[in-house]
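Visitor: Pasting a structure below so you can have a look.
Every number in this text was worked out from the coordinates using simple rules, so none of it is lab data. Everything numeric here is computed off the predicted structure, so don't read it as measured data. Positions of Cβ are generated from backbone atoms using ideal geometry, with glycine treated the same way; all protein chains shown enter the neighbour counts.
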Amino acid sequence: TLADLKAAVRRIEDESAKEELIKQIDSPAYAHRIGRLEALQKDIDKQTASLAKFEQNITKQHYTSLLPEAFMKTMFDTQKRAGFIFSFAKMPKSRINEILRQNWSGKIFSERIWDREKNINQTLKNELLVSFMTGRSYNKTAKEIENKMASSAYAARRLVRTESAYISNMADMESYKAAGIEKYKFLATLDLRTSDICQSMDGKVFKVSEALCGTNLPPMHTYCRSTTVSFADDKAKKNMKKRIARNPETGKVYYVDENMTYEQWEKSIDDISGEGIIDKMRKIEYNKSADKKQFEAYKSRLGKDAPQTFSAFQKLKYDTADYNELCDLYEYKGRVPEATVTDYKAYKAIKATGIKGAVRVPPKHIDTTRLAFNDNHAARHGCTLEQALDYINTAKCSITRKRWDGYSVNYYSATGAAYVDQETQKIKTSYSSADYDPLTKRIMEVVK
């Protein structure tokens, strides 16, 4: 506020600086700007409080309806697994409210909503204050607030999904109690995104009376996808459905024995597809976001020569030999944008001959209309200027090399060669293919 600002200024020890600042603050223009800022801050307080209350009401409605629905679904699944129907009472509203009031992760959901409201409120005020003090434009201020709010939206989604997982699993516990089931089994999702803690908990059996979210009952962390299943006697087990698993290599769903643990599932995949396949597919899953950006870059540069789908790109990337070839092509196209795959293969073959210098296929472009022999050429090798220019215009490749007289770009065609000084842009020498040495002849065989 204006009073706070004046109080802060009065604490300044430099009297001349203090007086100057007080004059500025007392000026009508400055007072108007501060008054406007205070009005905006009050409006922010009002709007964020209203937003938090609205969010609290909506989420509470969602959770209140989710609990009985999850309870009924679990009772249906339990009866189906047991193979017989039994009567049970509905979950009382008092128990629903009791579950919603539990602070299983340190705070109940409503407290976390109000904490987010405070963060949003302070973010808005801080950005407006920065704009006020620095004179930052409205557009830049709006953009900065938009970026901060995107982070807040993510936090809201995380809150709702994690709270929903908590409520769903608490409903499971209530249904087990209603069905007279005393134990439950922890079930982690059988795919490559499962966290280490859920992997370690998979298949373990706990007492329903001792269930505690975050300790032995999902959710174990934000965005947790683990769940539970009732642990019944041998007679009931015969009628229970097997667990669903997903083959990480093919993506197909299949069924496994209900007692299979995460470690056993990993071993079964290695037995089917070869040792190390799990680690390979885990990299594919974990690197998906970064790989998508890389795939888009490769498509942009390589066009039709890039893998046509993202899945094909990832599969190629983790097949080291073929991926290295793709990386080399990507790097070469960065230096020679007009090169085709055929040009790249010719380049590789020429480099394999052992030739010294920087090879380029197709050859480096040059405007031959301005070329002439340098003074030292003296019509050596009996080659005319017209012939030299033709060798350059029909060249299959160029090789930039350092010689005793500086750098030159050497153009090689089926009929002859011409060397162009990189600095003066004049032809150093030129000769027909009849004078090619054995190495140059090998290069021309490659580019045929």
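Visitor: Suppose R0 equals 60 Å. What FRET efficiency, 1/(1 + (r/R0)^6) with r the Cβ-Cβ distance, do D305 and T261 give to the nearest 0.05?
Guide: Working from the Cβ atoms, E equals 0.85.
Visitor: Relative to the present Cα-Cα distance, how much length would full extension add between D270 and T222 at 0.36 nm per residue of separation?
Guide: Full extension of this stretch gives 14.3 nm more.
Visitor: Continuing with this model, one more query. Taking Rh as the Kirkwood radius, which is the inverse of the mean 1/r over Cα pairs, what is the Rg/Rh value for region 394-448?
Guide: Expressed as Rg/Rh, it is 0.96.
Visitor: How much length is gained on full extension from R335 to E13, taking 0.36 nm per residue of separation minus their Cα-Cα distance?
Guide: 109.7 nm
Visitor: Roughly what percent of Cα-Cα pairs across region 355-425 reach past 20 Å?
Guide: For region 355-425, the share of Cα pairs beyond 20 Å comes to 22 percent.
Visitor: Roughly how many nanometres apart are two label points built 7 Å out from the Cα toward the Cβ at A434 and D375?
Guide: The answer from the label model is 3.1 nm.
Visitor: Alpha carbons only, please: Rg and Dmax for region 313-433, in angstrom.
Guide: Cα radius of gyration and Dmax of region 313-433 are 16.9, 59 Å respectively.
Visitor: What is the distance, in nm, between label points placed 7 Å from the Cα along the Cα-to-Cβ direction at T250 and at E296?
Guide: Taking the simple label geometry, T250 and E296 are separated by 3.3 nm.
Visitor: So what is log10(I(q)/I(0)) for region 246-358 at q = 0.17, 0.20, 0.21, 0.23 1/Å, when the Debye sum runs over its Cα atoms only?
Guide: Listed by q, the Debye log ratios stand at -0.88, -1.06, -1.13, -1.26.
Visitor: With r defined as the distance between the Cβ atoms of I197 and I355 and R0 fixed at 45 Å, what FRET efficiency is calculated, to the nearest 0.05?
Guide: With R0 = 45 Å, the Cβ-Cβ based efficiency is 0.20.
Visitor: Regarding region 282-342, what is the average projected area of its C-alpha convex hull, in nm²?
Guide: 4.0
Visitor: With each pseudo-label sitting 7 Å past Cα toward Cβ, what's the A414-H365 distance in nm, one decimal?
Guide: 2.4
Visitor: For the cross-link pairs K267/K293; K252/K333; K351/K396; K140/K299; K356/K428, which exceed 25 Å when the distance is taken from alpha carbon to alpha carbon?
Guide: K267/K293; K252/K333; K140/K299
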